[in-house]
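First comes the structure, then the notes that go with it.
Read the figures in this text as sums done on the coordinates, not as results from a lab. This one's a predicted model, so the numbers in the text were calculated from it and none came from an experiment. Cβ atoms come from the backbone with ideal geometry, glycine included; neighbour counts cover every protein chain shown.
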Number of protein chains: 2
Amino acid sequence: MVMKSEIQVFREYIRGRRLRRTPEREQILQEIFEIHGHFDVDELHLKLRDKGSKVSKASIYRALPLFMDCGLVREVDFSDGHWHYEHIYGHARHSHLRCLGCGEVLEFEEPGMGRLEAHLAREYGYRIKGHQLQVQGLCATCQEAE
Amino acid sequence: MVMKSEIQVFREYIRGRRLRRTPEREQILQEIFEIHGHFDVDELHLKLRDKGSKVSKASIYRALPLFMDCGLVREVDFSDGHWHYEHIYGHARHSHLRCLGCGEVLEFEEPGMGRLEAHLAREYGYRIKGHQLQVQGLCATCQEAE
DNA sequence: AGTATTATTGTAATTGATTCTCAATTACAT
DNA sequence: ATGTAATTGAGAATCAATTACAATAATACT
């Protein structure tokens with residue numbers, strides 16, 4: 001069975017919510033899924049500009065919560081003063097390992113997080129909605145440079 | 001063997017760095033260790049005011065990185081637009097489970113994180129410096145209210 | 001198709017957390 | 001004591017993110 005495209009997912013979400021399907025939102029979404037890896041609002045806005053799109057930053061800020069709400073995108077915290085994002089639709093769950101020296105970001109699988117979530121649900125009566133895990137360290141190169 | 005107090009830890013850090021020991025910094029640190037749980041800069045500033053202290057927010061913002069640097073305090077991310085903090089000296093490692101409905105925050109042990117860090121170090125050649133894990137969900141009460 | 005309704009847009013102003021500037025103060029070494 | 005350099009408080013500046021508002025455009029309803 002074939003997976004729905006992100007645009008399809010988004011259109012269904014829009015319809016279900018009685019929101020409106022606009023070219024701006026779909027441009028933004030398409031651009032997000034063409035970006036490999038992480039991005040922030042500025043980067044996304046610049047990329048859209050480069051392709052001739054006139055979408056404003058405000059619209060990007062307004063669209064992102066929608067994409068997050070329908071599970072296409074999520075926030076990523078790099079603790080550098082502003083939010084980063086990444087598309088997650090069709091991706092394996094992963095977390096980020098970031099080098100404090102050079103800023104390199106690696107992705108890694110999260111063995112055991114499913115079990116942890118189940119444990120928390122049982123232990124505290126919570127319905128788990130999601131989690132974020134970030135790990136920081138020094139990459140091999142930056143260790144030498146110390 | 002008795003554990004050093006947080007003030008002692010901080011004074012040693014200050015001395016080692018050729019920084020200066022000031023009443024402001026020590027007031028802030030003391031207040032932090034009297035707070036049970038998490039706080040943000042505003043709350044901390046108000047508590048200090050209430051006790052008659054005149055420390056400015058700027059000094060709090062300047063002191064926090066020092067406390068974090070010497071392992072007494074850490075940032076906590078509740079994804080609500082600003083940073084929260086907590087003292088960690090003498091505490092077991094823990095992460096936070098936060099209810100998206102009412103904002104309740106529970107702490108839980110992190111089984112397996114040590115193993116995960118060791119694995120990442122081996123796999124990617126990183127020297128691991130730390131990690132953050134947050135889990136979100138709905139508590140029993142907020143599930144019913146839905 | 002034509003019109004009414006109301007969501008969405010871009011622009012610019014605003015907010016709010018954090019950082020910075022600067023002059024005055026103060027801790028520490030000599 | 002004195003010189004120095006770090007630290008302080010106050011307020012200005014910064015910067016990401018949000019919001020107000022008037023214009024536009026997508027959908028619903030004739």
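Go through the stretch A:47-97 residue by residue and tally those that are part of a loop (DSSP other than H, G, I, E, B), more than 13 Å from DNA strand D (Cβ to nearest atom) and among the aliphatic types (A, V, I, L, M). Counting residues in the stretch A:47-97 that are part of a loop (DSSP other than H, G, I, E, B), more than 13 Å from DNA strand D (Cβ to nearest atom) and among the aliphatic types (A, V, I, L, M) gives 3.
If you go through the stretch B:36-69 and keep only what is aliphatic (A, V, I, L, M) and closer than 24 Å to B:H96 by Cβ, you end up with B:V41, B:L44, B:L46, B:I60, B:A63, B:L64, B:L66, B:M68.
Number of residues in the stretch B:11-28 that are in a helix (DSSP H, G or I) and either touching a helix residue (DSSP H, G or I) at 6+ places or on another chain (Cβ under 6 Å) or on the phi > 0 side of the Ramachandran plot (or both) equals 3.
Annotation: of all residues in the stretch B:15-45 being surrounded by fewer than 11 Cβ atoms within 10 Å (Cβ to Cβ) and within 15 Å of DNA strand C (Cβ to nearest atom), the one that is farthest from B:G71 (Cα to Cα) is B:P23. The set of residues from the stretch B:46-91 being surrounded by 12 or more Cβ atoms within 10 Å (Cβ to Cβ), within 11 Å of DNA strand C (Cβ to nearest atom) and of a type in the set (D, E, K, R) comprises B:K57, B:R62, B:E75, B:D77. Taking the stretch A:94-116 as the range and being over 15 Å from A:D77 (Cα atoms) and facing another protein chain (nearest Cβ under 7 Å) as the test, the residues that pass are A:F108, A:G112.
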